[in-house]
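The values are calculated or read from the model by the stated rules, or taken from the named source; none is laboratory data. As the structure is a computational prediction, the values presented were derived from the model and not from experiment. We place every Cβ from the backbone using ideal geometry, glycine too, and count neighbours over all the protein chains shown.
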Amino acid sequence: MQKILLDTDIGYDIDDAVCLAYLLMQPQCDLLGITTVTGEAENRARIASALCQAAGRDVPIFPGAEEPLIIPQRQVAAPQAQALEDLPHQHYFPLGEAVLFLRDTIRSHPGEITLLAIGPLTNIALLFAIDPQIPMLLKSLVMMGGAFRTRTPYVEWNMSLDPHAAAMVYRTELPQHRTVGLNVTGVVGMPAAQVRRHFQRGLLATVLKLAEVYFTQRDDIIFHDPLAAATLFDERLCTFDCGTVSVEVNHPELAGLTYWQPDRFGRHEVATQVQPRRFFEHYLGVFQQHPEPHP
């Protein structure tokens, strides 16, 4: 059983919800709490709550930082909140406590927790800044973000929304620091029609209600965040190589660009290969084992 804390910008791209559903149904996951980040953090918390309630789970949820450390906010809305009228969910949450919740939970379980960050890294940078001992009290930090070994430079969304936070996090020493980037997540996609066939029962049916809002803008799901989560439970899904990652913060048009320098002694591990078929078998298999939300 792995102890997990999830930091997410759920409510914009649908893959955050697809990821949270997986964690809620993964029998080897002990989900200790959820923090939300970026604009409309409370609405994002409500969306997370709807999935937790649909799964019959009582998971602590804390809205976190809504503004990047330095640059203006570019991700204000959480459009999937439109679906909440039809989904039971918690309405009110403790405010201003997300980073302290992360800190206290990690300190209560030294060396045991994996922090899974699948949104902009504002909360994580603030956490590491207020308590510099926290990084080495983690078991690992696993992130979805960046793009590595791509033919042309590509600024990934999570990194671009708060590049200064990302740079701070990559400068921090950790027991294990893994990043799953667009170079591998980009190949694990599913057309909307296929999603509708697979997401018919149990918790996935609730995800589909959120996804229908997302499908008004595009007609497929790229499983960016679920792939990052799944690597925690099946190490054969991705190949990781060691090296050093730095983040562009000075060039406005390239802010958030991730630079990758391979080095077998480097402290950053990035995913360089993926097995898409194995991933989808693994992901959907979790829900086939538990077709209905457990109480």
Hey, D15 under 17 Å from the mean Cα position of the chain (by Cα), surrounded by fewer than 22 Cβ atoms within 10 Å (Cβ to Cβ) and modelled with pLDDT of 95 or more or not: no
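This table checks each residue for (1) farther than 20 Å from D13 by Cβ; (2) in contact with a Leu (Cβ under 7 Å, 6 or more places away or on another chain); (3) at pLDDT below 95.
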site	(1), (2), (3)
T150	no, no, yes
P153	yes, yes, yes
D162	no, yes, no
A166	no, yes, no
Y170	yes, no, no
E173	yes, no, no
L182	no, no, no
M190	no, no, no
Hey, can you tell me all the residues within region 202-242 that are under 20 Å from the mean Cα position of the chain (by Cα), without any contact (Cβ under 8 Å) to a residue 24 or more places away in the chain and not in a loop (DSSP other than H, G, I, E, B)? L208
Enumeration of residues in region 139-148 that are under 19 Å from N183 (Cα atoms) and either at pLDDT below 95 or in contact with an Asp or Glu (Cβ under 7 Å, 6 or more places away or on another chain) (or both): M144, G145, G146, A147, F148
For region 253-279, name all the residues that are assigned to a helix (DSSP H, G or I) and at pLDDT 95 or above. P276, R277, R278, F279
Please determine whether any residue of region 127-138 is at pLDDT 95 or above and in contact with a strand residue (DSSP E or B) (Cβ under 7 Å, 6 or more places away or on another chain). yes
Restricting region 63-100 to residues that are of a type outside the set (V, I, T) and over 27 Å from L210 (Cα atoms), the residue that is modelled with the lowest pLDDT: P72
Out of region 204-232, which residues are surrounded by fewer than 24 Cβ atoms within 10 Å (Cβ to Cβ) and touching a Cys at 6+ places or on another chain (Cβ under 7 Å)? T231
Kindly indicate which of I10, I4, I106 is assigned to a loop (DSSP other than H, G, I, E, B), in contact (Cβ under 8 Å) with a residue 60 or more places away in the chain and touching a strand residue (DSSP E or B) at 6+ places or on another chain (Cβ under 7 Å). I10
